[in-house]
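S.K.: Okay, here's the structure, questions in a sec.
Any read-out appearing in this document is the output of simple, stated calculations on the displayed coordinates, not a laboratory observation. What you see is a predicted model, and the numbers here were worked out from it, not measured in a lab. Neighbour counts run over all protein chains shown; Cβ positions are idealised from the backbone, glycine included.
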Amino acid sequence: HSENLTDVQKEIIHHNSSLGDQQRLQISISQAQFLQTIVKISNTKKILEVGSFTGFSALSMASVLPSDGILISLDKNSEFSNIAKSFYEKANEKKIKQIVKPAIQSLKELKISNQKFDLIFIDADKENYVNYYDISVDLVISGGLIIIDNVLWHGEVSDKSKNDKFTNIIRNFNDYVKKD
């Protein structure tokens, strides 16, 4: 009973399926639809996305923003950002502004310029989650939302036998946020 994907969303998914192991960087369809629901019910007008890959999540959120809404998408990978831009253009989505450079640098610049966001979606390199979170706390409006992908890490964060690098990074991040 969810909304149907647009042709461009389907095209992004098809494109990403050709990328081998990198396709795992795309959020799931159900996550995209969940983000759309959150944007709609929270009356969000200004979104910051940290990590955009080929644009599926940004396009999904931007498509339900009001006409005066904006989504700023941060990604350091110019190849993926160019692919994302081509999909935004194909969808005629003009509410997305891309910044292509390391997210920490962009976040600090946004903070210096006193930018504020209704919703921040973090889905970039896990090693910097704490840094992204710390700066995002200053960038989100009072009552706004910070949504962070991968905090359940396929259920592995609750499995004490899992102690690989990324599981521990996410586990430590979750502890950090809980103590904040």
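S.K.: With the condition being touching a residue at least 24 places away in the same chain (Cβ under 8 Å), within 13 Å of the chain's Cα centre (by Cα) and within 16 Å of Ile147 (Cβ to Cβ), I'd like the helices (runs of 4 or more DSSP H) fully within segment 24-121 carrying at least 3 qualifying residues. Before you say what the answer is, go through the steps one by one.
M.R.: Values: elements: 29-41, 56-62, 78-90, 103-112.
Helices (runs of 4 or more DSSP H) meeting the threshold: 29-41, 56-62.
S.K.: From (1) of a type outside the set (Ser, Thr, Tyr); (2) under 25 Å from Thr54 (Cβ atoms); (3) surrounded by fewer than 15 Cβ atoms within 10 Å (Cβ to Cβ); (4) in contact with a helix residue (DSSP H, G or I) (Cβ under 9 Å, 6 or more places away or on another chain), pick out the condition that doesn't hold for Asp159.
M.R.: (2)
S.K.: Continuing with this model, one more query. When segment 141-180 is examined, which residues are found to be closer than 11 Å to Ile122 by Cβ and either free of Cβ contacts under 8 Å to residues at least 40 places away in the same chain or out of contact with any Phe, Trp or Tyr (no Cβ under 9 Å at 6 or more places or on another chain) (or both)?
M.R.: Those that are closer than 11 Å to Ile122 by Cβ and either free of Cβ contacts under 8 Å to residues at least 40 places away in the same chain or out of contact with any Phe, Trp or Tyr (no Cβ under 9 Å at 6 or more places or on another chain) (or both): Ile146, Ile148, Asn150, Val151.
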